[in-house]
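Following: one structure in structure tokens, then a few remarks.
Only the coordinates and a few stated rules stand behind these numbers; no lab work does. Computed from a prediction, not measured in an experiment: that's the story for all the values here. Cβ atoms come from the backbone with ideal geometry, glycine included; neighbour counts cover every protein chain shown.
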Amino acid sequence: MVNIRTITDKIYNKYIFFLSIIGIIFSFYLIFLDYLTSDYCPKFYFIPACYLVFISFALIIISDFLHSTLQNFIFYIGSFFGIILAVWFSFNEFFKTDICPKFFEIPMCYLSFCIFLIIILLKVKDSLNYTID
């Protein structure tokens, strides 16, 4: 019996980890720029969004090292909080009520939304149990 689940678990987890590392790097870069020039990142209730997005990606990475029921809980807190922030700021960017920092003229909130969405979809896909008898 070939267990596809074992193989796909490793592949999906590597993609999730890789995307989270990319998110951490970009978030840290934005935190650095916000530190150098205050008000670089838009605020979410007086807290710069780049700090909150950094925490969201960090929670996803931390969940990868946990091997208990706490793993999914921490993962979904980080990913859903991150995607909510990304949707909020993407909406504000779209209507020009708050401007997100840009990366090659692409608003970072749009990129964050795409990364969080892909991470969540990978986790959901990973949760499906596929076995070949």
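What to note about this one:
- Taken one residue at a time, the phi angles of the stretch 42-47 give Karplus couplings (6.51, -1.76, 1.60, θ = phi - 60°) of x, 9, 10, 6, 6, 10 Hz. Gly and Pro are set to x.
- Rounded to whole Hz, the Karplus (6.51, -1.76, 1.60) HN-Hα couplings of the stretch 36-41, x for glycine and proline: 6, 10, 4, 6, 6, 8
- Rule-of-thumb Rg ratio for the chain [Cα; 2.2 N^0.38 Å; N residues]: 1.16
- Whichever lysines have a C-alpha closer than 17 Å to that of Lys43, once near sequence neighbours (fewer than 8 apart) are set aside: Lys96, Lys102
- Longest exposed-site-free window of the chain, the sites being chymotrypsin sites (Phe, Trp or Tyr not before Pro) in a DSSP loop that have at most 10 other C-beta atoms within 10 Å: 1-44
- Rounded to the nearest whole Hz, the Karplus-based 3J(HN,Hα) values (6.51 cos²θ - 1.76 cosθ + 1.60, θ = phi - 60°) of the stretch 16-27 follow the sequence 4, 4, 4, 5, 5, 5, 4, x, 4, 4, 5, 5, with x at glycine and proline.
- Cysteines in the chain that lack a partner Cβ within the 4.7 Å cut-off: Cys114.
- Near the amide H of Lys102, within less than 5 Å, lie the amide hydrogens of Met108, all on another chain or at least 5 residues away, with H placed in the peptide plane.
- Relative contact order of the chain, taken over Cα pairs closer than 8 Å and 6 or more residues apart, is 32 percent.
- Cβ charges +1 (Lys, Arg) and -1 (Asp, Glu), total dipole of the stretch 4-127, debye: 340 debye
- Within straight-line cross-link reach of Lys14, lysines at Cα separation under 24 Å, skipping those fewer than 8 residues along the same chain: Lys123, Lys125
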